[in-house]
Amino acid sequence: MFKVFIYFLGLIFTSVGIFFTLIYLNLLTIGYNLGEFVHFISRKLEFWFIPLGLLLIIFSVRKVDKK
């Protein structure tokens, strides 16, 4: 049950991170270049939800060998 909770938490974090990253893509249409965009997005907390969520998902589906 714990792994299911961690999986859904990771899924939510990843979804929120991707959602806000897609919203911030609109900055490219108002004159930001790619370097400025990467610098801006890497400083946002919402962007770091993506790797955190992916790590939680990987942790939850990882098989543990019990000896």
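Laboratory data are not the source of any read-out in this text; all were calculated from the coordinates shown. Predicted model only: the values in this text are computed from it and were never measured. Reconstructed Cβ throughout: ideal geometry from the backbone, glycine too, with neighbour counts over all protein chains shown.
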(message) List the residue pairs whose Cβ atoms are under 7 Å apart, where the first residue sits in the stretch 24-36 and is under 19 Å from residue 48 (Cβ atoms), the second is assigned to a helix (DSSP H, G or I), and the two are 6 or more positions apart or on different chains.
(response) 24/41; 27/37; 27/40
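To keep it simple, each residue is scored yes or no on (1) at negative phi; (2) among the small types (Gly, Ala, Ser); (3) surrounded by fewer than 16 Cβ atoms within 10 Å (Cβ to Cβ).
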{"site": "13", "(1), (2), (3)": "yes, no, no"}
{"site": "16", "(1), (2), (3)": "yes, no, yes"}
{"site": "27", "(1), (2), (3)": "yes, no, yes"}
{"site": "35", "(1), (2), (3)": "yes, yes, yes"}
{"site": "44", "(1), (2), (3)": "yes, no, yes"}
{"site": "54", "(1), (2), (3)": "yes, no, yes"}
